[in-house]
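Below: one structure, written as structure tokens.
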């Protein structure tokens, strides 16, 4: 007789948890969600959800009682709570000893450097450090908060001692240390995404090129155009090696700089489905969301192969407000977008429009890269409200 | 400023409503479900659900209050209730005047015949009819209940007057008339699936071949192998014409007999996502579930094109009980099925195993039809418990 399906707890009610719900339906895998509030993105589509605080161990314990495993929509659960849950006997995936490398950039840099993985030149700035230490490291450079940054928040490009005032003030206020990093003169940004299970099986997606603006992912092209095949394989091997040595379970995204000399440096790590993997929903045999679920449940992984020559992902971001009102179209953008391009794939997150907020993305696939770029960019611009009659 | 998304009401909590939930997540389209009971297939995955009776107009009105439209997981809502909802001003999609052709086989046969659409020879048996009338029609033939049948229920092949006892008894008990139909000597069964919107836009999926056992769909091959291209186009045109003349909104499935002389006859109509369209989830640009949502919301339709040379769908059915216990594997069938075939696509419905019950399906796509058939059949047999160590 068949066993009932185990329940997977998911902490965080953002769009990543929302998009996990789609393959969970297909797999018959019940999800139980900890949401920041009623009505957030994932709570709209996961019936078994409760509102709670991911920083509260009691809320985490109440959520995960009876669950087979817990995974995450974000990387903000305190490491100590993750250790407590693991000590309770819960399968925490990724585990705290892995996840800390995605939570703390100083820990990540130290570990990767010890592993011999190429990183930008960097310096951890202690409590007593100041602009003089940054000057000694060398301007221009990047200052990053070691914990809690995301989507460009907590990252500053500094070209002078005066530029350092804001990051140092932020560090004093938060009590979180700063890391100084070389400003890499890169050709472009790449991303190597892998899934890895507790059993050690791993699968590497094709390496993609991503375009950022103000630290927010704008576009992804899969696979990265004109990427040297040896470099692509090397990037996948680096990602697989990091996943293995850090004992990552679930999706690991390794954001890379491709330098003009053809070498790669690791920029950031993320241990969850990642914006640079949204193309897999329509462009790969198995999406990153399904492989994340399979990996954290220790099921065999699905093929990460691309189904199409090219897949382009473009994010839909809220435009700046106009007359104090949000700008852009969501549901009411469908008639034009769908009629113009019957092959377009739209993914909305159930979020209200706010300036700069990721509210959805589009995927366009096909044999002609320029055509895919045009289709996806047009659709995203349309939803953003950059095209057509704004008064409509 | 963007309008909030309208809400779509769905009547019936089966797997078809469950599978509508996946594209509804992507489209940011809120669904509100009327479920037969807590815990049924779709209620597991649609937060905004309530338990009620689809034969109760008050339940239907409570469900649909404030909704932009209502659509259906099944065809069992009384026609009078659908007219009442439409009279209230609700968009009922498909509308009662269309849906009656999927609810009442006598109405369907009369209408299609009047349209000149080829149907099997048939005879509506009135209240006073008996086995002699069937004998005059000619044995062997098929008796069908005009309303309420599904998955082989309410269909009898009769070869003698004695065979007529059971269907006539059932007709007397239910008060539903019988239809006698020619037992068609067909080469195979085909299905022509189209989506149609209230605006009149329509999209035709590739014509597929289906294999039935005891009236239940077992396998679908998309596209139908070795189908004459003119016949395929003709079948699509018949389906589009029926959708247009009957003013169908949403998915229309036209089940067809392909006769040995190369002509086609219409067997059945369904006005909802259909088992012969499950292959589209992984094998078409836009799945039947997404196009059903787009159609009933009067949004432009997505491309119905196949993405692959071949896609094979095989249903997972509960096997006969052994020692009074259900047989088969669901979640615990994953390790073997996924490890054997990393490209396999599995869709489970969150249902308990029962003999003959559809509890899921698998899709396998690729360039080699024999390979796809082997992969999908092996996986379905494995989940069904027909392979390997049954005691596990």
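Sorting A:263, B:375 by the number of Cβ atoms found within 10 Å of their own Cβ, with the fewest placed first, yields A:263, B:375.
Could you check the spin-label model distance between residue B:322 and residue A:133? Points 7 Å from the Cα along Cα→Cβ, value in nm. Each label point lies 7 Å from its Cα, and together they span 6.8 nm. Over the Cα atoms of chain B, the radius of gyration divided by the Kirkwood radius equals 0.96; this is the Rg/Rh ratio. From a point 7 Å beyond the Cα of residue A:332 in the direction of its Cβ, which residues of the stretch A:353-367 have a backbone N at a distance under 16 Å? Residues passing the 16 Å test: A:353-354. What residues of the stretch B:299-324 lie in the reach of a label at residue B:213, counting those whose backbone N is under 13 Å from a point 7 Å from the Cα along Cα→Cβ? Once the point is set 7 Å along Cα→Cβ of residue B:213, B:314-320 turn out to lie under 13 Å by backbone N, inside the stretch B:299-324.
Computed on the stretch B:121-182, with alpha-carbon pairs under 8 angstrom and 6+ residues apart, the relative contact order is 50 percent. Label points for residue A:305 are taken 7 Å from Cα along Cα→Cβ. From this copy to the others they lie 2.1 nm apart, shortest first. Label point of residue B:7 (7 Å along Cα→beta-carbon): distances to the other copies' equivalent points are 2.5 nm, sorted ascending. Computed from the Cβ-Cβ distance with R0 of 45 Å, the FRET efficiency linking residue B:79 to residue A:53 stands at 0.30.
Would you mind telling me which residue in B:367, B:323, B:132 has the biggest mean-square fluctuation in a Gaussian network model of chain B, where springs connect alpha carbons within a distance under 10 angstrom? Looking only at B:367, B:323, B:132, the biggest GNM fluctuation is shown by B:323.
Note on the protein assembly as shown: Rg/Rh from Cα positions, Kirkwood definition for Rh, rounded to two decimals, is 1.01. When the convex hull of its Cα atoms is viewed from all sides, the stretch B:8-92 shows a mean projected area of 4.8 nm². By the helix-only formula, in which each DSSP H run with n ≥ 4 contributes -39500 (n - 2.57) and the sum is divided by residues, chain B has a 222 nm mean residue ellipticity of -9000 deg cm²/dmol.
Restricting attention to the protein assembly as shown, close to 80% of DSSP beta bridges with both partner residues there are antiparallel.
In chain A, Cα pairs under 8 Å separated by at least six residues give a relative contact order of 13 percent. Using a cutoff of 8 angstrom between alpha carbon atoms and counting only pairs six or more residues apart, the relative contact order for the stretch A:186-384 works out to 20 percent. With the simple spin-label model, which puts each label point 7 Å out from Cα in the Cβ direction, the residue B:97 to residue B:340 separation comes to 5.2 nm. If R₀ is 30 angstrom, what is the calculated FRET efficiency for the pair residue A:373 and residue B:201, using the beta carbon separation as r and rounding to 0.05? The formula returns an efficiency of 0.65 here.
Neighbour counting of Cβ atoms within 10 Å sorts the residues A:115, A:19, fewest neighbours leading, into A:115, A:19. For a label point 7 angstrom out from the Cα of residue B:153 toward its Cβ, which stretches of the stretch B:43-77 have the backbone nitrogen within less than 19 Å? From the stretch B:43-77, the list is B:43, B:52-56, B:72-77. Exposure proxy for B:331, A:150, A:205: other Cβ atoms within 10 Å of each Cβ, ordered fewest to most, give A:150, B:331, A:205.
Every number here is computed from the coordinates shown, using simple stated rules; none is lab data. Note that the structure is predicted; figures quoted are calculated from it, not measured. With ideal geometry, Cβ positions are generated from the backbone for all residues, glycine too; neighbour counts draw on all protein chains shown.
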